[in-house]
Amino acid sequence: MEDDLYDLLGVSRTASLAEIKKAYRELARKFHPDANPNDATAEQKFKDVAMAYEILSDDEKRRQYDQFGTVGSAGSPFQGAGGISDIFEAFFGGQSPFGSSGFRTQDRNSGDDVEIALNITLEQVVNGGEVEFTLKLALECETCTGSGSHNSESELCSRCDGHGQLQQVRQSILGQIMSTIACPSCQGFGTLIMNPCDSCEGTGLEKAEKTFSIEVPKGVDTGITQRLSGMGPAGPRGGTRGDIHVRYVVEQHSRFSRNGENLVEQLWIPVTYAALGAEIEYETFDGMQKLKIPAGSRTGDKFRYSGLGVPRLQRRGRGDLIVEILIDTPQNLSEVSKRLMIELAEELGETIAEKPKRGRKSKKNE
Ligand SMILES: [Zn+2]
Ligand SMILES: [Zn+2]
């Protein structure tokens, strides 16, 4: 399956609903299972274009897809896309060929789901942006385009008569128990490949490295999983692709920590700023800002930048950026600084440690 839904339908990203509908109608006819019997590739294509149509014909889903690159059935991009039966019925009037009739059950024919942990920075959480990751996964064999067959000839499985399933009867203390199992001869496909593809030995799969690029959803947090529907490993013999579950892990930032939708920094400032007031350049994820520290500020005082915090996931608005100040004590004073501090202490009537005592102490250390 191609990753881009617009490419699948062969339309531009600005295509109108009418253009999308027209493209889908043509492709659905072309790849319809009735017109392509026993052609797994066509069947997959048919499903893919139906899925693309389902999303792109719906304003809300299309908007989500444009934004997140994936769409959820319940309006959330963090769930998978819905089924295709409904739109099939809408277009062709009648039951979907993939409904309940088939021996090719979803499970048997679809690829596995995979989960990955994806590290992102706090800045990406705030500003969004693209992030890439590479996975080694089973993809459609290029030689046979996933069919598993050398020349696309297949034969009905005689063991299961093409049903893909066998009834099994077993004796138990409760009497006979009948169960249905996948046919071991054809692995549930109902057909046997006559000339297996040399490259993939009939599986239709080959391992390959693939690089994915996704847009980080603004406001996402560690532990939130985004489902990339149908982008995972391919299924055997042209089956549908599984999903990739991307679990986000937000790396610790050197300055900011996150508290819900707020960003918080504990900022050390010199004692002179605190006593006399200052206006400093303050770097945020939104560029440089002015930070005004009033005279007489104390440790623990907070300054708030409204709306410069973490964006709300899938909602409008952002939290705040809160700067909490800590007052730094000057160390390694020069003689001049020391004299000024002593003067200051005297002026304020504060009793400080006596000088001779300090002198002895430092001598001892030498
Ligand atoms: Zn192959
Ligand atoms: Zn069989």
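Each value in this text was obtained by applying a stated rule to the coordinates, not by laboratory testing. Small disclaimer: the values here were computed from a predicted structure and weren't measured. Positions of Cβ are generated from backbone atoms using ideal geometry, with glycine treated the same way; all protein chains shown enter the neighbour counts.
A straight line joining the Cα centroids of segment 275-349 and segment 189-209 runs 66 Å. Bridges between two residues of segment 257-365, per DSSP, are antiparallel at a rate of about 65%. Here SER334, SER154, SER147, SER185 are placed in order of increasing Cβ neighbour count within 10 Å, fewest first, which gives SER334, SER185, SER154, SER147. Rounded to the nearest whole Hz, the Karplus-based 3J(HN,Hα) values (6.51 cos²θ - 1.76 cosθ + 1.60, θ = phi - 60°) of segment 166-176 follow the sequence 10, 8, 10, 10, 9, 8, 9, 5, 8, x, 6, with x at glycine and proline.
Figure legend: label point modelled 7 angstrom from the Cα of ASN38 along Cα→Cβ; no residues of segment 167-185 have amide N under 13 Å from it.
Pairs exceeding a 25 Å alpha-carbon distance, out of LYS45/LYS207; LYS21/LYS218; LYS22/LYS45: LYS21/LYS218. Rounded to the nearest Hz, the phi-derived 3J(HN,Hα) couplings of segment 312-327 under the Karplus curve 6.51 cos²θ - 1.76 cosθ + 1.60 (θ = phi - 60°) are 6, 4, 6, 9, 6, x, 9, x, 10, 9, 10, 9, 10, 8, 10, 9, where x marks glycine and proline. In summary, the aspartates and glutamates within cross-link reach of LYS338, defined as a Cα separation below 17 angstrom excluding same-chain residues under 8 places away, comprise ASP328, GLU346, GLU347, GLU350, GLU354. Amide H to amide H, with H built 1.01 Å from N, GLY190 comes under 5 Å of GLY164, counting only residues 5 or more places away or on other chains.
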